Structure formats: C-alpha cells, structure tokens
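Quick notes on the structure that follows.
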Amino acid sequence: MPQKTPKLVRQAPLPKISFGDTPIVAIIGRPNVGKSTFFNRVLGRRSAIVDDMPGVTRDRIMAECSYQGRRFHLVDTGGLDLTSSEAMESLIRIQSQAAIAEANILVVIMDGRAGLNPLDQEIAELLRDVNKPTFYAINKIDTPKADPLMADFYQLGKDQLFPMSAEHGTGVDELLEAFLPLLPHELEEEKPEYPRVAVVGRPNVGKSTLVNLVFGEERVVVSDVPGTTRDPVDTHIEFQGHPLVLTDTAGIRRRGRIDPGIEGYSLGRTLKALGRSDIAILILDGEEGATEQDTKIAGLILKQGRGCILLVNKWDLQKHDPEALAKYSKELHRRFPFFAFVPKIFGSALNTSVLDKLFPLIESVMEAFSYRVPTGKLNQFLQKAIEDNPLPSKRRTPLKSVFMTQVAIKPPTFALFVGRAVEVPTFYIRYLENRLRDMFGFEGTPIRILVRQKK
C-alpha cells in the first residue's frame, strides 16, 4: 500500500459543488413559516432542527430526495428577512439568495394562520424577476375550517396556491406532484458511495471558514458568535476528480455549558454526523492552543473508529514566533498521545495553500481506512512479530497455533486467534498495532485487534 502523500496539482478555479443532472429544489420563506418542517416531511426523517423560535436554520441544509422514482436535491434555507439590518440576519439572507441563484425550482412557503405578511409580499416581489419555476405553498392549513385563510394570499396575483400542512402531511403530495414533470426520470443504476468527511471541533475555531474555502464561496454562515452553525451541512464536492461528501458541523462545547433545546439538538446531530463519516478533520485553534475539550473531541473520534486529520488553524498569527511550531507540536504530543498515527497540518482556513496539504491527506487516510491486508502477508507479518517478541504466557508451555485475519475495514479490524485468549495482555496488543503500522502504514486511521479463543 502506498504510504507517501500524492502530489497535488492545483486546479483553477477552486472546487465547486456539482450535482450533474439532478435538479435542486430550494425552500424559501420568511422566518418560522414551517420550511424545516416541510423539509423533514419530504425527506422522511428529522434532518433539520425544528423549533418555534425564529432563526433556527442558518445555513443551507441540503439532502438528496426521491419522489415517485425521480431524484432531486432539496435545500432548506434560513428565514429570509429583506428588511433586517442585524448581522446574523444579513448572513442568513446571503445564504438564501445564494440558494435562489443555484436552484432549478423554488418552493415559497407562507404561514396560513398568520395571514399574508408584508415580508411575504416582499419575497414574492423579489422572485417576480427570477425566471425559474416557482410554487407558492400556504402552510398550516390543516382543517377545512382553515380554507378561508387562503383568501388573503390571492392578493399576490398567483394562478395557483398550494394549501398544505407540513406537520401533518396533508397537501404535501399535491405540491410535489405539481413539480414532478420538471424532474428527470431516474436511471436504474447503482448509486456510488462517496467518502464522507466531517469537519469537527470546538465552537469558533474556523470550521465553517474552512468549508467556505473549499467551495470558494460563502457556502455556510460564518460569524464570530460561537454556535453559529446548528445543523450539520452535507455537500457533495469533487476535487482533483475525487468526489466526496463534506459535512460542516456545530461546535462541540463542554457538557456543562450546553444549553437545552436547540444547542442540545445540534450536539446530537454533530455526533450522528461524525458517526456516519469516514474521516474527521479536527480543527484546533493555533492561537489559543489545544484544550481539554479538544482532547475529549479527539476521544469521541477514536471511540467511533473514524479516520482523522488534525488541522491547526490560525497558524498565520504565529509567524512572528520562530519557536511556535516546536512548542505547539510538544503540546499536541502531550494532549494527544493516543493520536500519534494522525497526520497534522499547520495553516490558515483563510489561505488556499492549506488545501494543497489537506486533500492529498484525505485521499491517503481514506485509502488506509479502507485497506485490507492479504491474509498471507498478514500471517507472515504475525510470525515475524512473534519471533521478535514472543507472546507472553503465564504457563510454562508457549502459546501455539496463533494466527490473524482481517475481519473488517473502516476502520481496519483484525481477529487474533490464540489457544488461550485470556492470556494476551493489553501491552502486546499495542505492540502488534505498532508493528502493523510500521509494516502497512495505516496513516490517520485507528486499528482494532480483537482477541479470539481458537477452537
């Protein structure tokens, strides 16, 4: 297995999001009209966080959906407020406008119980010059008695309105049926599995900044306010001809500082996103230094058996200190003794040069994470390892008929079969793990060795 990092040749421009022929359907509307509820209803699971407090969704949340055999990407956006001058609302507005620009189909959702709002009218006016199929859905119309509430919305001058209840599902099929003819027929082909990479770390260390650097655009909301990202944001990208799914996650704070409700949901989603990923990019603050919370996040990555890359961000702020690299490396060795196999990058999420190091490492770690050692080579390795350092035994007779086989990948998992499994001490398992790394590499990936009783 190659152990050297492949040389990266820069492509210009920076990688952009590509979905091929799959249409993008964007959900637009002012805050708290039920956009995320509709998103979850179509998706068939709770993917976006739903709460009565306006402004819960901030980034563009994207998921692949299928309806009657036709695929499309559904995008949930933050509440669009064209009049607000608040900094966070302005960032959310930029995200919503970007979603409008890249979408093929627009679904505008309004609140039937609240009636026609001036913000609804402004959004409709904004979309008047957008030359894309646009469907207007009046949400929270869940009983026949609510039908009179529709009258207000005919002031918009639209030929067709779609009454529905996203919470209960009534009327949702009628809306999907309306834009079904605009969706291409799905070809019967095997869906490829792309590597999944999660960007994780404490709040405000630069996770969303790195994601935006990869896309070459303000893909997710970036703010100095900790906790800006709430939903994990999955996006398919392609770099140097290698597709992958990149996930921006909410910052993981100390348990005692996590507020109940929305932040608790965000933490649960982050841990779930980490669990379904192949590789985690753990971002550390190069100015502040590694903290105990960083160590705990690293422990979560190791516990879940994910590949890992450590990225020390904001390193440009340390250029005035010639001893900074040595001091920080020593600190990393002290804080992360269990991460000796994890590659480390020092750079800035504001500088594209960090991508020249990051993407080859992602490819290298993914190769190691998925590598399967041939059984013949594995047992040749085991025999040599035992010759150099025999298996200890509490009895006088040595342990015989020891063999090893690889039983899984992602992460690489090995079964060590011995006559008396209880006698294999932990330090010898660590010895075998280190020898496996010396022989086969396994850069950036944990290794699991399971001791089994030989029958």
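The values are calculated or read from the model by the stated rules, or taken from the named source; none is laboratory data. Note that the structure is a prediction, hence the values are computed from the model and not measured. Virtual Cβ from ideal backbone geometry, glycine too; neighbours counted across all protein chains shown. For accessibility, only protein heavy atoms count, side chains too; no ligands or nucleic acids. Shrake-Rupley method; radii C 1.70, N 1.55, O 1.52, S 1.80 Å.
Could you say whether any residue in the range 76-87 is in a strand (DSSP E or B), at pLDDT 85 or above and either touching a helix residue (DSSP H, G or I) at 6+ places or on another chain (Cβ under 8 Å) or among the acidic types (Asp, Glu) (or both)? So far as the range 76-87 goes, no, none of its residues is in a strand (DSSP E or B), at pLDDT 85 or above and either touching a helix residue (DSSP H, G or I) at 6+ places or on another chain (Cβ under 8 Å) or among the acidic types (Asp, Glu) (or both). Screening Gly157 on (1) closer than 16 Å to Lys35 by Cβ; (2) open to solvent by 20 Å² or more (accessible area, probe 1.4 Å); (3) of a type in the set (Gly, Ala, Ser) shows it passes everything except condition (1). Filtering the range 201-243 to residues that are among the small types (Gly, Ala, Ser), more than 25 Å from Gln293 (Cβ to Cβ) and either buried (at least 17 other Cβ atoms within 10 Å of the Cβ) or modelled with pLDDT under 50 (or both) leaves nothing.
Within the range 375-390, one or more residues are under 30 Å from Tyr194 (Cα atoms) and at pLDDT 90 or above. Take Ala198 and decide whether it is open to solvent by less than 30 Å² (accessible area, probe 1.4 Å), under 28 Å from Thr247 (Cβ atoms) and at pLDDT 90 or above. When the stated conditions are applied, Ala198 passes them. Note on the range 334-364: residues that are closer than 24 Å to Asn434 by Cβ, assigned to a helix (DSSP H, G or I) and either modelled with pLDDT under 90 or of a type in the set (Phe, Trp, Tyr) (or both) amount to 2. Scanning the range 96-143 for residues being assigned to a helix (DSSP H, G or I), polar (S, T, N, Q) and either surrounded by 19 or more Cβ atoms within 10 Å (Cβ to Cβ) or in contact with a Cys (Cβ under 6 Å, 6 or more places away or on another chain) (or both) gives a total of 1. Taking the criterion of being surrounded by 14 or more Cβ atoms within 10 Å (Cβ to Cβ), at pLDDT 85 or above and among the small types (Gly, Ala, Ser), the only residue of the range 402-427 that qualifies is Ala415.
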